[in-house]
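J.: Okay, handing you the structure first.
Bear in mind that the values in this text are calculations on the coordinates, not laboratory data. Just so we're clear, the structure is a prediction, and the values are computed from it rather than from any experiment. Here the Cβ positions follow ideal geometry from the backbone for every residue, glycine too, while neighbour counts run over all protein chains shown.
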Amino acid sequence: MARDLNIDKVRSLEVDDMEAKVKSIEEELFNLRFRNAMKQLENPLEIRNLRKDLARLKTVIRQHQLEKAAEAAKAAAATKAAAKGGAR
């Protein structure tokens, strides 16, 4: 079950889609770890690949969160500056 989840594909997804994919990958990772413990996993490298995909998704989600926070801070600063300038 090879995944081809490169960073360009991840960035093109919506945040909701990324969060759904994170949940899906976490469930699949749990199942793979369980199968690995039972010695039923054919390719243990799948675990590594899924962990990397999960990290990519979480990184991009966090970047979106930080961008929104920065935009909100800029808007708040602009509003505060406008209010301060208008009060004189």
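J.: Taking the chain as the reference, fit the longest principal axis to its C-alpha atoms, fit the long axis of helix 45-86 to the helix C-alpha atoms, and give the angle between the two in degrees, 0 to 90, nearest 10.
T.: For helix 45-86, the angle is close to 10 degrees.
J.: On to the next question. Just to verify a number: FRET efficiency for E14 and I47, C-beta to C-beta distance, R0 = 41 Å, to 0.05? Write down the numbers at each step before the final one.
T.: Working: r = 27 Å, r/R0 = 0.66.
That gives a FRET efficiency of 0.95.
J.: Out of segment 7-88, which GluC sites (Glu not before Pro) are coil in DSSP terms and have no more than 16 other C-beta atoms within 10 Å? Please report the intermediate quantities before stating the final value.
T.: Working: sites: E14, E19, E26, E27, E28, E42, E46, E67, E71; in loops: E14, E42.
Within segment 7-88, the qualifying GluC sites (Glu not before Pro) (loop, at most 16 other Cβ atoms within 10 Å) are E14, E42.
J.: Then there is this: Could you give the nm distance between label points at I7 and K39, where each point is 7 Å from its Cα heading toward the beta carbon?
T.: Inter-label distance under the simple model: 4.0 nm.
J.: With a cut-off of 8 Å between alpha carbons and a minimum separation of six or more residues, what is the relative contact order of the chain in percent?
T.: Values: 34 pairs, mean separation 33.3, N = 88.
Worked out over the chain, it gives 38 percent.
J.: For the chain, take the longest principal axis of its alpha carbons; what is the angle in degrees between that and the long axis of helix 15-37, to the nearest 10 within 0 to 90?
T.: 30
J.: Taking springs between alpha-carbon atoms closer than 10 angstrom, which of A76, A55, A20 fluctuates most in the Gaussian network model of the chain?
T.: Top of the fluctuation ranking is A76.
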